[in-house]
Structure formats: C-alpha cells, structure tokens
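One structure below.
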Amino acid sequence: MNWPIAHEVAGILLTYPKEMVPHIRNVFGTNDYLWVFWCLEYLVKELPWECNALLKRDLIRLAETPTEDEILEEVDKKATEILNLLK
C-alpha cells in the first residue's frame, strides 16, 4: 500500500465488489503474505457482507490454520478481525 495511488485504486476496485471476490481468492493462493494482509485490510474489510460471506471459508482457513509466514505478517489476526465483524 506504499504505492502512491494505492488507496485511490482500492476505492475504485471496491465499486465492483462481486467481481473482486475471485481475484481476492487468487491473492489468498499466493505466497505474497504482505499482499494478502493489505487485501484483507483495504479490500475484504470494506466489502459488503454478501461478498465477505463468499470469502468466509478462506477467512476461516487464514484465521484458524495459518502458515508460519501468514502468522509473521499477521494475516491470521486480520482474518479473525474480519470474521468477528461478520458475526
């Protein structure tokens, strides 16, 4: 998110929430855990409830069975935070 226009791009992307879901899932499948964290913080956290519900299984996996690298980047904590918002 240190890219100068990252926040503006995130805002534009959020105008297409349903279309974002498969792309976010693709990010979750990468080894770029910092990218996963920022997607959680700036995109997933801001998606409508219905879209987050589509990502719930992925969020549960990130929160409950994170890899060491996901723990280092605090992806598990961010996923847990988002799951708590869904309750």
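The values are calculated or read from the model by the stated rules, or taken from the named source; none is laboratory data. Computed from a prediction, not measured in an experiment: that's the story for all the values here. Quick reminder, even Gly has a Cβ in these numbers, built from the backbone with ideal geometry, and neighbours come from all protein chains shown. Quick note on the areas: whole protein, heavy atoms, side chains included, nothing else; ligands and nucleic acids left out. Shrake-Rupley method; radii C 1.70, N 1.55, O 1.52, S 1.80 Å.
Shape verdict for the chain, please, from the Cα gyration tensor: rounded (a/c under 1.5), prolate (a/b greater than b/c) or oblate. Don't skip to the answer; put the middle values down first.
On the way: a/c = 1.75, a/b = 1.18, b/c = 1.48.
Cα axes put the chain in the oblate bin.
Please tell me the relative contact order of the chain in percent, rounded to the nearest whole number, where contacts are Cα pairs under 8 Å and at least six residues apart.
Numbers: 67 pairs, mean separation 24.9, N = 87.
Relative CO of the chain lands at 29 percent.
What are the aspartates and glutamates whose alpha-carbon lies under 15 Å from the alpha-carbon of residue 45, with same-chain residues fewer than 8 places away excluded?
Those aspartates and glutamates meeting the cut-off are 58, 74, 76, 81.
Just by accessible area at a 1.4 angstrom probe, what is the order of 14, 85, 62 from largest to smallest?
On the way: 14 45, 85 115, 62 0 Å².
If we order 14, 85, 62 from most to least accessible, we get 85, 14, 62.
Using a cut-off of under 13 Å, list every residue of region 69-85 whose amide N is near the label point 7 Å from the Cα of residue 49 along the Cα-to-beta-carbon line.
What the label zone holds, given the 13 Å backbone N cut-off, is 85.
For the chain, with every protein chain kept in place, what is the accessible area per residue (1.4 Å probe, Å²)?
Working: 5660 Å² over 87 residues.
I get 65 Å² per residue for the chain.
What percentage of the solvent-accessible surface of the chain, computed with a 1.4 Å probe over protein heavy atoms, is contributed by carbon and sulfur atoms? Walk me through the intermediate numbers first.
Values: 3270 of 5660 Å².
C and S atoms contribute 58 percent here.
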